[in-house]
Amino acid sequence: MAKTILKGNEAVIHGAILAGCRAYFGYPITPASEIAETAARYMPRVGGTFLQAESEVAAVNMVYGAAGAGARAMTASSGPGISLKMEGISYMAGAELPCVVVSIARGGPGLGNIAPEQGDYHQVVWCGGHGNYHNIVLAPNSVQEMSDHAMLAFDLADRYRNPVFILTDGAIGQMMEPVEFPAEVHAPPAKEWAIGVGERARRNVVSSINLDPDELEQQNLKLAEKYARITEAEVRFEEYRLDDAEVVLVAYGIVSRVARTAIEALRREGLRVGMLRPITLWPFPAARLRELAERPAVRELLCVEMSTGQMVRDVELAVLGRKPVSFFGRCGGNIPSDVEIAEQVRRRTARQGGGR
Amino acid sequence: MKVKLEKSKAFYDVYERKPTGDKTVVHYCPGCGHGNIHKMITEAIVDLGVQDRTIFVSPVGCSVFAYYYFDLGNIQAAHGRAPAVGTGVKRVHPDSIVISYQGDGDLAAIGTAEIVHAANRGEKMTVIFVNNAIYGMTGGQMAPTTLEGQRTTTSPYGRSPANEGYPVRVAELINALQAPVYIERTALTDAKSINKTRQAIRKALQYQVENKGFSLVEVLSACPTGWGIHPVQARQWIKENMEPVFPLGCLRDRGAEIPASPLEPRPFVAEGLHELLDHPAPGAEEERAAGAPRPADPFLGSPRVKVAGFGGQGVLLLGLGLASVGMKLGRHVSWLPSYGPEMRGGTANCSVRISDEFIGAPIVNQSDILVAFNRPSLEKFEPDLRPGGMLFYDSSLIDVSPQRSDIVTVAVPATKLADELGNTKAANMVMFGAIVERTGLFAVADVVRNLGSFIKLKKLIPLNEQAVERGGAYIRSLA
């Protein structure tokens, strides 16, 4: 396919439709509205459903209904809207319904602002809804990945019957880059467990209720076993110039792009610095970070986020004190610049007696 | 004559899904109305021949366990969300029969938005609203339909309109909307009213089978346990206390006005998907000008560009044009706008990067090229130009001179030149022509050839073509 230039918020719908999604339920919110607008444009053309719901709560419950009925269904929003969707996400985790939720994070808490932030990491990765559950969380850092991850998200959601989040920030949602779509087109898999039309579907129940403590305990343990399998099989990350790195940057989303530019500049100065970019925020690439921390050459891990420090806790948990973990963050809608990140690294290498 | 009494085929014979207790009886209390209503639903479904396509949405409330009993597809909804869940089901299976079964707390309190909007959209579903004026499952708390003065565990002194407002009349509320096809309120008090309820439920389902639209049947139903009275007295209590507040009768029946149509499944479209999604045909790009001449200055060959001005001056489109033409010529590109309120009347700016390598940061903090369309933008971004960078500004709109002497300044009367072409709005494309001519980033011909890649309205292309060429000619005229 030839390349076309799109916003991240547009590309994610193109990827979803190519993945066989034909049902979008949403509510407008900056900086995610182009996702709904793109779905509104294309879903009717491809025989699908676009519905602007009366609320984020209704939208996510429509996804619950459509997913329960066997469709590949999705919704998208930003911070305040994602908070409202937590109800439905917990129900979908409980009922083991596959679905895709896109979160284009903005400045918070409360109404905050509409500029990009990463302050919703805890909400999405550590799950703001009630109960023992996990979301699978993908963290695209380019428009191409917004499309690719939409396709991956639906596959993972169906493979594990679990909600999958695409968590990124306003910058990745709003920016335009060339994107190339795969030629092949997916059809959603048949789902034996779904409700629908027909004698077999009639036997099915989609529910998360279980009054018996022993049975609900078993259900929770079954979910925990599933999450263990996901952790085993689905960790994804990207490494950049880590071979001889003394300082390991850890960053995702737009920050990983800026960090890459900072690393290029630092490498020209002869500083040995590289980056691990988690592509899945859950499951988190903890084992790989631990391996890196055990390398004699590695002196320090520096987590850079657009928050006051959220992912850094996962990095600390991964490294478990093997090497110092430090943090640099901007928030409120400010994106750290490559110059700022480079300066943070220089300070650390100077403190440690040079980077050569 | 031998009469054989048997359960409807839409009930399970034995309630295997019920975890405890006698699996041949329901969990409802003696005198509760749910049993009657369940029976009416199953009988209608069997008679209509739609058991294999009916999906029952269970609410939160006493009927949360409806899936123990109904031999139907079952989906259990969060509190109040049954109409939204039903919407999701019905939209992906328009050939299904969806029943949203809800109590008064579920539908008229926490789910008010969902029911009003499902009704307003005319979702082709059947809503059975069981109004017993109390929260049964949680143990007798006040409902939105609790009567004035009625004592509950959360209105122990009696419901006071001054504190809790008045009972919500759901059927009347829904009747204020245009889309619903059928709305009726019935009661379960005596043989006659039970028969009326049976007919209403049957009609509501019949209309869905005929694909006519949204129906709601509100049933006044007893909760002897919640009310703390004997089941026989409870039925009398409905008559004496509820019916005066919630008058019985059909509020709307437009079934005869709407022709029946078949229930048809939604086909899955997979053919021609790329075309439907406006994806470019393979090979439409691929004019990679790898060997094309580049500016001698490497920064100008792979520039970090900032474009800024008032919203409406085409600032974002010029940036998009730079990125689009770059992409067409096989370069790595990125375009990042300032978004949000700025798009609505204030200032707008965007960052553009064009490179031969993967682009890290798409944000331009320090720029190699600054394009300013108004004075605030010039003043704001001029300090961020790198020494030796190039400043393009619209000299027909900006009446001050740039401050710095360590940059290359190019004054382009873009608005004036666009006016001469007959359209002020083409100033951005005049500037585009000037930028590429002066920097050598692309050839003017590259831009003209690729205008269609970022200008969607084809009729605007000739004007924009003139504008780009005019900008290029202006730069040549300076030489």
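The values are calculated or read from the model by the stated rules, or taken from the named source; none is laboratory data. In this text, all values refer to a predicted model and were calculated from it rather than measured experimentally. When we count neighbours, we look across all protein chains shown, and the Cβ atoms used for this are built from the backbone with ideal geometry, even at glycine. Ligands, DNA and RNA are excluded from the accessible area calculation, which covers all protein heavy atoms including side chains. Shrake-Rupley method; radii C 1.70, N 1.55, O 1.52, S 1.80 Å.
Multiplying the sequence separation of B:Glu264 and B:Asn365 by 0.36 nm and subtracting their Cα-Cα distance, what value in nm do you get?
Full-extension gain reported as 30.8 nm.
How far, in degrees from 0 to 90, does helix B:461-478 lean away from the longest principal axis of the Cα atoms of chain B, to the nearest 10?
So the inclination is approximately 30 degrees.
Just tell me how shielded B:65-76 is by partners: mean number of partner chain Cβ atoms within 10 Å of each residue's Cβ, no decimals.
5
Taking GluC sites (Glu not before Pro) that fall in a DSSP loop and have at most 10 other Cβ atoms within 10 Å as cut points, what is the longest piece of chain A between them?
With GluC sites (Glu not before Pro) excluded where exposed in loops, chain A gives A:1-183 as its longest stretch.
On a C-alpha basis, how far is the centre of the stretch B:76-129 from the centre of the stretch A:1-48 in Å? Whole number, if you could?
Distance between centres, Cα-based: 26 Å.
What FRET efficiency comes out for B:Thr424 versus B:Ser355 if R0 is 25 angstrom and r is the Cβ-Cβ distance? Round to the nearest 0.05.
0.15
State, as an integer percentage, the relative contact order of chain B based on alpha-carbon contacts under 8 Å between residues 6 or more apart.
Over chain B, the number comes to 9 percent.
Give the cross-link partners of B:Lys239 among the lysines, using a straight C-alpha distance below 16 Å as the criterion and excluding same-chain residues fewer than 8 apart.
Result set, ordered by chain and number: B:Lys192, B:Lys196.
Once the other residues with Cβ under 12 Å from the Cβ of B:Gln208 are scored (Lys, Arg +1; Asp, Glu -1), what is the net sum?
Charge balance near B:Gln208 sits at +3.
Once you average over the residues of B:49-56, how many Cβ atoms of partner chains fall within 10 Å of each Cβ?
Mean shielding by partner chains, rounded to a whole number: 4.
Once you average over the residues of B:13-20, how many Cβ atoms of partner chains fall within 10 Å of each Cβ?
Going residue by residue through B:13-20 and averaging, the value is 1.
Taking the stretch B:336-426, which trypsin sites (Lys or Arg not before Pro) meet the DSSP loop condition and have no more than 10 other C-beta atoms within 10 Å?
In loop regions of the stretch B:336-426 (DSSP not H, G, I, E or B), the sparsely surrounded trypsin sites (Lys or Arg not before Pro) are B:Arg344.
What is the distance in Å between the Cα centres of the stretch B:234-254 and the stretch A:82-146?
Answer, in whole Å: 45.
Taking square-rooted eigenvalues a ≥ b ≥ c of the alpha carbon gyration tensor, is the stretch B:302-452 rounded, prolate or oblate, where a/c under 1.5 means rounded and, failing that, a/b exceeding b/c means prolate?
Here the stretch B:302-452 falls in the rounded category.
Using a 7 Å offset from the Cα along the Cα-to-Cβ direction at both B:Gln199 and B:Cys250, what is the distance between the two label points in nm, to one decimal?
Between B:Gln199 and B:Cys250, the label points sit 0.8 nm apart.
If each of B:Val46 and A:Leu317 carries a label point 7 Å out from its Cα toward its Cβ, how far apart are those two points in nm?
Once both label points are built, they end up 5.3 nm from each other.
Any idea what % of Cα-Cα pairs in chain B are farther than 35 Å?
Every Cα pair in chain B considered, those over 35 Å come to 54 percent.
R0 = 41 Å: FRET efficiency of A:Val185 with B:His230, Cβ-based, nearest 0.05?
0.05
Tilt of helix A:338-351 relative to the longest C-alpha principal axis of chain A, in degrees (0 to 90, nearest 10)?
The angle comes out near 50 degrees.
What is the extension gain from B:Arg476 to B:Glu240, computed as 0.36 nm multiplied by their sequence separation minus the C-alpha to C-alpha distance, in nm to one decimal?
Extra length from B:Arg476 to B:Glu240 when fully extended: 75.6 nm.
Pairs B:Lys2/B:Lys203; A:Lys191/B:Lys39; B:Lys425/B:Lys458; B:Lys416/B:Lys458; B:Lys425/B:Lys456: which exceed 19 Å Cα-Cα?
B:Lys2/B:Lys203; A:Lys191/B:Lys39; B:Lys416/B:Lys458
What FRET efficiency do you get for B:Val3 and A:Ser326 if R0 is 51 Å and r is their Cβ-Cβ distance, rounded to the nearest 0.05?
Once rounded, the FRET efficiency stands at 0.05.
Take the alpha carbon gyration tensor of the stretch A:258-343, find the square roots of its eigenvalues, order them as a ≥ b ≥ c, and report rounded if a/c is under 1.5; if not, report prolate when a/b exceeds b/c, else oblate.
Oblate.
Which of the aspartates and glutamates could a cross-linker bridge to B:Lys306, judged by Cα under 17 Å and excluding same-chain residues fewer than eight apart?
The qualifying aspartates and glutamates are A:Glu177, A:Asp338, B:Glu342, B:Asp368, B:Glu379, B:Glu382, B:Asp384, B:Asp394.
Computed on protein heavy atoms with a 1.4 Å probe, what is the summed buried accessible area for the chain pair B and A, in Å² to the nearest 100?
Summed over both sides, the interface buries about 6100 Å².
Just grab the label-to-label distance for B:Cys29 and A:Asn132, each label 7 Å out from Cα along the Cβ direction, in nm (one decimal).
3.4 nm
Determine the calculated [θ] at 222 nm for chain B from helices alone, applying -39500 (n - 2.57) to every DSSP H run no shorter than 4 residues and normalising by the residue count; nearest 500 deg cm²/dmol.
-9000 deg cm²/dmol
Which lysines have a Cα lying under 16 Å from the Cα of B:Lys23, excluding residues fewer than 8 positions away in the same chain?
In chain and number order, the partners are B:Lys7.
Okay, which of the stretch A:299-320 sit inside 18 Å, backbone N to the point 7 Å along the Cα-Cβ direction of A:Arg159?
Inside the label zone: nothing.
For the stretch A:130-256, what class follows from the C-alpha gyration tensor (a ≥ b ≥ c being the square roots of its eigenvalues): rounded when a/c is under 1.5, otherwise prolate if a/b is larger than b/c, else oblate?
The shape class here is oblate.
Please report how far the C-alpha centroid of the stretch B:394-433 lies from that of the stretch B:352-368, rounded to the nearest whole angstrom.
Cα centroid to Cα centroid, the span is 24 Å.
Give me the dipole magnitude in Debye, nearest 20, for the stretch B:298-478 about the Cα centre, with unit charges on the beta carbon: positive for Lys and Arg, negative for Asp and Glu.
Value, rounded to 20: 420 debye.
Loop by DSSP (not H, G, I, E, B), at most 16 other beta-carbon atoms within 10 Å: where is the longest site-free stretch of chain B for GluC sites (Glu not before Pro)?
Longest stretch, sites excluded: B:17-147.
When the helix-only estimate is applied to chain A (DSSP H runs of n ≥ 4, each -39,500 (n - 2.57), divided by the residue count), what is the mean residue ellipticity at 222 nm, nearest 500 deg cm²/dmol?
It comes out at -13000 deg cm²/dmol, rounded to the nearest 500.
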